[in-house]
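The structure appears right after this line, and notes come after that.
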Amino acid sequence: MFYWIFISWFLQIPKFVSSFMTVNISLCFYKTPEDFHYEGDVVIGAFFPIHTYYSPNKVPHKTVPYQYMDNYLQYNFKNYQYILALVLAIEEINGNPNLLPNISLGFDFYNIRFTEKETLMNACIWITGQGQKKILPNYNCNKRVFTAALTGTSWTASAQIGTLLQLFKFPQLSFGPYDPILSDRGQYSSLYQMTPKYTSLSQGIVSLMVHFRWSWVGIILPDDHKGNKILSEFRENMEKKGVCIAFVKIIPFTWTKYFNKFWENMDETNVIIIYSDIDSITGIMRNIGQRLLTWKVWVMNIEPHITDYADYFMLDSFHGSLIFTHHFKESFELTKFIQTVNPYKYPEDIYLPKLWHLFFKCSFSDIDCQLLANCQSNASLDVLPSHILDMAISEESNTIYNAVYAVAHSLHQMTLQQVEIQPQENGEVMTFFPWQLNIFLKDIDKRDNMSLGGRKKLNAEYDIFNLWNLPKGLGRKVKIGSFSGNAPEGQQLSLSEPMIQWAERFSEIPQSVCSKSCMPGFRKVTLEGKAICCYNCTPCADNEISNETDVDQCMKCPESHYANPEKNHCFQKTVSFLAYEDPLGMILASISLCLSALTAFVIGVFVKYRETPIVKANNRGLSYTLLITITFCLLCSLNFIGQPNAATCIFQQTIFGIAFTVALATVLAKAITVVIAFKATIPGRMVRWLMISRAPNYIIPICTLIQLLLCAIWMATSPPFIDQDFHAEHGHILLLCNKGSSLAFHCVLGYLCSLAIGGYTMAFLSRNLPDTFNESKFLSFSMLVFFCVWVTFLPVYHSTKGKVMVAMEVFSILASSAALLGFIFAPKCYIILLRPEKNSFHHMRDKTHSRKNKSIKI
C-alpha cells in the first residue's frame, strides 16, 4: 500500500515543479502576438500552428462572442521546426545568385489557432497588407509583392484559407497530408498539395497486425470524411487478412459530453490504431497522456506532439508506440542552421525570445518586453531535448522547404519570361499579379520532378518508428522497419524486432487476440457479456497443470510434485539444502575458515607480544577472551551449512547466541574497564574497590548466564526442528531448520543488540579520555557496525526464502564477527607489526610529555 502511495506522490512532482516554474515565468512570456514578418521584395504567407489556446471544457465567455472562459496557452515548439525550415530555404534562395537575382524573398507568419474565424481573419489581414501597416506605419506597401501562401498542417485550415484565396486565384501550397477534398479543382483551382496521394497506409498497418498475430484491435478515427474513408479501407484489408475490429471510436469535437463514453470498452484490446492529422488529434493524445494508459500499443500515422507530460517520459503513455511515416529523402541539413539561430540574429521572430527565456534563463525587459542579453553562454536550440524541439527533419518541414523552392523556381521562370517580353531597368522591382504564378506552378512537377495538386497516385514507402523512453524524459524515435506497397507479396514489410521496446506492461511481444485457443498449461476464462468465442486464456495457478486444449479447470499436483514450466506435466521434487558443494555454501565456508585462521594468527601475535604496552594497556586477559570467542563465532556459522539434522538445528541457535553473548559482554567489560580506570584517579572508595576487585570481569559470566537462561527456556518450550518447505524453490523440497519459536529467536537477537548498544554507549562516553592506547573509538565503531548488521538482517531475512534465507543468517554472523575482529584488533596489529617504535614506553612518555606541554601553553 505504501508503495503505491509513494508512486502516486512521486508522479505529482512534475506538476509541483511546473507550478513553481510558472510563478517565475515573466508575464512577457504570455504576451504572444499572432504574426511576425521577415522582410523581402516578394513575400510568402506562412500559416502554421505553433501556439494555441487549449479549452478543455469550452465554457463560453459571458460577454465576448466566440471566446471561452477556460483558455490555456499552449506552445507546440516541435512545430517551430516549420519556421526554421522556411527561414533556411529563404536564406539559401536569397544567397543564390543563380536563382531570383536582384530579388529577395521574405515571409509573413501568422499563427493558426484552429478556429475558422481567426484563421480567415489572419488570411484577410495578410492578403490586404494590414498586418504590415500595423507593424511598420511608415512602410510603403507598394514595394512588397505578395506571391503565395503556405498552409497546414490540417486540411481544415487549408480549406478555410483556400476559400478566401480562391476568390483572387491566389496560389496556395498545402504541406499537410493529402486530402481528396482539397484536390477538387473546381472549388480550389489555385490550391496545390505538396504531398502526393498515398494509397497503402491501411495495407501497411494491417500487414503489421498480421506479422505480430494481432487479430483483435481497436481503431480511433476523426469525425470527418477522411475517417470514414480510411475505416472502409481498414475493414476491407482486415477482412482479407483475418483481423477483427474490437471497437471503433470517433474523436469528439468537445470532450465534456462524450468523455466517459469514449473510454468505454477501451480495455478489450492491447493494440489500438490511431489515424488522424496532427491538429485534430491533439485532444485525444492529451487525454491519453493524462490517463497514463501505459499498457497499450498505439499504432499511429503521426508522432504525438503533446509535450505537457514529456518531462517524465518514463511513464509516457506513448512509450513503445509504432508510428508509420512517409519515407522521404531529406532535402537539406537543418542541424547546422539551428546552431546559428538566436533571438538577436532574428529579432522579428516572436518565438525565439520565449525559448531563450524558458530554457536558457534569459530575462525580459520590464518596459518593452525586449529580451535582455543575460542568457547562458552555451544557449543554442540544438541542446534542447527532442520532445521539445527535434533535430531530425520532419516530413512537414521537408515539404515546406520544397514548397519554398517550388515558389522560387516558378518566380524565376516567370521573371525570365517577363524579361524576354519587357526588359527591366536596374533596381526596378518585379511587379506581377499573384494569380499569374499559377501557370508556372502547374508545370513545376514536370520540370523539377515535384508533385503539386495530388496528380500523382503512389503506393508509398513508409518508415516504421518505435518511440523509446530515456532517463529524465528524453524520448527517441527509432526506425525499426519499413513497408513498401510496391514490393512483392510477402516482402513488403521489413522489421527489426530486437530493437522494439514495448509498453511498460509487456516484456515480450504483446498479444491482442479474441478467440485464440488455450494451449496445454492454460485454462479458459469466459468474459461476461462477450461472445463465447471471445475468451481469455489464463495460465494455470502455481503447482497446477492442464494437459489438454481448452480445459475449464486445471488439476493440482501433489505436494511432493511440481508442475513443469509449461504446466502440462507433474514431476517429482528433489531434496535441496545449503550444501558445501553449492557455490554459495562453498564461498561462505571458505570465508568462515579464512577469518578463523586470521583470528588465530592475531591470537598468536598477541601472545608473542604480550609484554608490550599496547597489549597490556587494554586488559590483555579480556583481549584473549574476545579473540577466542570471535573464533567460535566464526566457526559456529559452519553449523548452518550442510544437511540439517535434529542436533545441528539446536546447536545452530544456542552456540550462535552464547558465543556472541560472550563476545559482546567482553567488549562491554573492556569499555567499562576504561571508564573505571580513569575515574580511579578521583578520590572515592567505591571506584577504587571496583578497580582493585576487577568487578568488570564479572560482566561476562552474568551476561552469559542470562543468555543461557533464555536459550534454556527456548529449548524447553519450542526447540528448533527439521522442516520441509515445498514452495520456497520451484521444483525442490527444501530442508531447513525451523526456529520453533519466533519470539524466542527474536528475544535472543534482541538481547545481543541490547548488549551491543550498551557496549557502544560505554565506549562512546570514554572515546576522548587521554590515553595513548585508548581503544574506545574502535570499540564503539565495532558495536555500531554489529548493531547495523543485525538490524538490517531482520527485514532482509523475513523477505527471503530457501537457501538465500539461510545464507543471509550466515553472512550476518560472518560480517558482525569480522567487524569485531577488524575494528578492535586491526589497528593494534598494525602498530605491533608495522610500527613497533610506537609500541614502547619511551614513545608513551614522549607523547604524554608533549600533551602536558600543550596544556601548559594553553
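The values are calculated or read from the model by the stated rules, or taken from the named source; none is laboratory data. Model, not experiment: these values are computed from the prediction. Cβ placement follows ideal geometry from the backbone for every residue including glycine, while neighbour counts extend to all protein chains displayed. Quick note on the areas: whole protein, heavy atoms, side chains included, nothing else; ligands and nucleic acids left out. Shrake-Rupley method; radii C 1.70, N 1.55, O 1.52, S 1.80 Å.
Structural remarks
- Meets criteria (open to solvent by 20 Å² or more (accessible area, probe 1.4 Å) and over 48 Å from the mean Cα position of the chain (by Cα)) for S718: yes
- Being within 30 Å of P434 (Cα to Cα), crowded, with 18+ Cβ neighbours inside 10 Å and among the hydrophobic types (A, V, I, L, M, F, W, C) is a description that does not apply to V419.
- Condition check for I219: of a type in the set (A, V, I, L, M) and either at pLDDT 85 or above or touching a Leu at 6+ places or on another chain (Cβ under 6 Å) (or both): yes
- When S158, S202 are screened for being assigned to a helix (DSSP H, G or I) and farther than 24 Å from I464 by Cβ, only S158 passes.
- Only helices (runs of 4 or more DSSP H) whose full extent lies in the stretch 375-463 are considered here, and the ones with at least 1 residues that are at pLDDT 65 or above and within 30 Å of Q491 (Cβ to Cβ) are 395-421.
Per-residue answers, yes or no, for (1) touching a residue at least 40 places away in the same chain (Cβ under 8 Å); (2) outside any loop (DSSP other than H, G, I, E, B); (3) closer than 24 Å to Y401 by Cα; (4) small (G, A, S):
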| position | (1), (2), (3), (4) |
| --- | --- |
| S331 | yes, no, yes, yes |
| K336 | no, yes, yes, no |
| Q339 | yes, yes, yes, no |
| P343 | no, no, yes, no |
| E348 | yes, no, yes, no |
| L355 | yes, yes, yes, no |
| K361 | no, no, no, no |
| I367 | no, no, no, no |
| A373 | no, no, no, yes |
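- Any hit, the stretch 90-105, residues being among the β-branched types (V, I, T) and at pLDDT 90 or above: yes
- Applying the set (1) farther than 19 Å from K803 by Cα; (2) open to solvent by 10 Å² or more (accessible area, probe 1.4 Å); (3) among the small types (G, A, S) to A663 leaves exactly one unmet item: (2).
- Picking from residues in the stretch 721-766 that are surrounded by 20 or more Cβ atoms within 10 Å (Cβ to Cβ) and more than 47 Å from the chain's Cα centre (by Cα), the one that is farthest from N697 (Cα to Cα) is S766.
- E611 satisfies every condition listed in (1) within 19 Å of K803 (Cα to Cα); (2) open to solvent by 40 Å² or more (accessible area, probe 1.4 Å); (3) out of contact with any Leu (no Cβ under 9 Å at 6 or more places or on another chain) except (1).
- Given (1) among the hydroxyl-bearing types (S, T, Y); (2) open to solvent by 30 Å² or more (accessible area, probe 1.4 Å); (3) modelled with pLDDT under 85, number of the condition S496 does not satisfy: (3)
- F571 fulfils the conditions (1) open to solvent by less than 30 Å² (accessible area, probe 1.4 Å); (2) in a strand (DSSP E or B) except for a single criterion, (1).
- Within the stretch 128-155, the set of residues being part of a helix (DSSP H, G or I) and either modelled with pLDDT under 80 or open to solvent by less than 10 Å² (accessible area, probe 1.4 Å) (or both) comprises T128, Q130, G131, Q132, K133, K134, I135, C141, N142, K143.
- Residue within the stretch 55-68 that is in a helix (DSSP H, G or I), modelled with pLDDT under 90 and either surrounded by 13 or more Cβ atoms within 10 Å (Cβ to Cβ) or of a type in the set (F, W, Y) (or both) present: no
- With respect to (1) buried (at least 17 other Cβ atoms within 10 Å of the Cβ); (2) within 30 Å of P583 (Cα to Cα); (3) among the hydrophobic types (A, V, I, L, M, F, W, C); (4) modelled with pLDDT of 85 or more, the lone exception for W790 is condition (4).
- I706 vs. criteria among the aliphatic types (A, V, I, L, M), over 44 Å from the mean Cα position of the chain (by Cα) and closer than 30 Å to T574 by Cβ: no
- Scope the stretch 577-597; condition under 21 Å from A728 (Cβ atoms), touching a residue at least 40 places away in the same chain (Cβ under 8 Å), open to solvent by 50 Å² or more (accessible area, probe 1.4 Å) and assigned to a helix (DSSP H, G or I); matching residues: L584
- Residue check, S317 closer than 25 Å to N287 by Cα, among the small types (G, A, S) and modelled with pLDDT of 80 or more: no
Residues are listed down the side, and each one gets a yes or a no for (1) surrounded by fewer than 18 Cβ atoms within 10 Å (Cβ to Cβ); (2) in a helix (DSSP H, G or I); (3) at pLDDT below 80:
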| position | (1), (2), (3) |
| --- | --- |
| M805 | no, yes, no |
| A826 | yes, yes, no |
| E837 | yes, yes, yes |
| T848 | yes, yes, yes |
| S855 | yes, yes, yes |
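- Single residue of the stretch 793-802 satisfying the filter (open to solvent by 70 Å² or more (accessible area, probe 1.4 Å) and either outside any helix (DSSP H, G or I) or modelled with pLDDT of 85 or more (or both)) that is nearest to F764 (Cα to Cα): S799
- Scanning the stretch 669-688 for residues that are buried (at least 24 other Cβ atoms within 10 Å of the Cβ) and at pLDDT 75 or above gives A669, K670, A671.
- Contact map, the stretch 536-549: residues that are surrounded by 12 or more Cβ atoms within 10 Å (Cβ to Cβ) paired with residues that are aromatic (F, W, Y) and at pLDDT 90 or above, Cβ distance under 6 Å, separation 6+ or inter-chain. Pairs shown: C537/F522; P539/F522.
- For the stretch 161-188, filtering for residues that are in a loop (DSSP other than H, G, I, E, B), aromatic (F, W, Y) and more than 26 Å from P304 (Cβ to Cβ) leaves 2.
- Taking every residue in the stretch 512-523 that is within 21 Å of C244 (Cβ to Cβ) and in a loop (DSSP other than H, G, I, E, B) and pairing it with any residue that is modelled with pLDDT of 85 or more and open to solvent by 70 Å² or more (accessible area, probe 1.4 Å), at least 6 positions away or on another chain, the pairs with Cβ-Cβ distances below 8 Å are V513/R213.
- Against the list (1) under 36 Å from the mean Cα position of the chain (by Cα); (2) surrounded by 14 or more Cβ atoms within 10 Å (Cβ to Cβ); (3) of a type in the set (A, V, I, L, M), the condition L527 fails is (2).
- Answer residue from the stretch 689-715, given it is assigned to a helix (DSSP H, G or I), of a type outside the set (F, W, Y) and at pLDDT below 60 and is most open to solvent (accessible area, probe 1.4 Å) among those: I692
- Residue count, the stretch 327-363 (criterion: of a type in the set (A, V, I, L, M, F, W, C), closer than 23 Å to Y30 by Cβ and open to solvent by 20 Å² or more (accessible area, probe 1.4 Å)): 3
- Count - residues of the stretch 585-644 that are of a type in the set (D, E, K, R) and out of contact with any helix residue (DSSP H, G or I) (no Cβ under 8 Å at 6 or more places or on another chain): 3
- When I125, I112 are checked against the criterion of being at pLDDT below 85, over 25 Å from Q418 (Cα atoms), more than 44 Å from the chain's Cα centre (by Cα) and among the β-branched types (V, I, T), a single residue qualifies: I125.
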